[in-house]
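Undergrad: Encoded as structure tokens, here's the structure I'll be asking about.
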């Protein structure tokens with residue numbers, strides 16, 4: 001294979017350079033495609049799985065609570081570090097916590113938040129909130 005490359009380079013240097021540019025472009029396209037596939041798979045992981053109706057973010061939140069993290073800030077930091085490819089912000093994370101607490105069978109319980117629906121911006125009551133797993137949440141960890 002190497003001898004073919006050397007011969008091609010010697011026989012027609014301009015054609016060889018064009019071929020190398022073409023291969024370089026293909027490598028760049030494959031690299032971009034790989035990033036797109038990774039991003040798409042990360043996005044899909046957030047969706048609820050069929051067996052238990054839990055997505056990757058909810059699963060990671062419950063794992064961290066079971067490991068002893070009960071503050072919203074701590075959970076946001078730990079889950080965000082683990083699932084960094086999702087690029088999730090604090091408001092989106094707060095929404096995830098809210099939906100986990102408001103399901104027909106809540107997975108988490110929030111203590112110390114007075115008006116959960118009014119505090120979507122992560123205000124003072126959010127900072128004083130303690131989060132724990134419910135029975136339904138414990139059964140899915």
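The values are calculated or read from the model by the stated rules, or taken from the named source; none is laboratory data. Predicted model only: the values in this text are computed from it and were never measured. Here Cβ is always computed from backbone atoms with ideal geometry, including for glycine, and neighbour counts include all displayed protein chains.
Undergrad: Mind listing just one residue for me: the one in segment 116-127 that is in a helix (DSSP H, G or I) and closer than 15 Å to residue 75 by Cα and, of those, modelled with the highest pLDDT?
TA: Filtering first and then ranking leaves 127.
Undergrad: Filter segment 101-115 for residues that are in contact with a helix residue (DSSP H, G or I) (Cβ under 6 Å, 6 or more places away or on another chain) and either surrounded by 13 or more Cβ atoms within 10 Å (Cβ to Cβ) or modelled with pLDDT of 90 or more (or both) and give the result.
TA: Correct list: 105, 107, 108, 110, 113.
Undergrad: All but one of (1) under 17 Å from the mean Cα position of the chain (by Cα); (2) modelled with pLDDT under 90 hold for residue 50, so report the exception by its number.
TA: Residue 50 satisfies every listed condition except (1).
Undergrad: Considering only segment 80-94, how many residues are closer than 19 Å to residue 128 by Cα and at pLDDT 90 or above?
TA: The total comes to 1.
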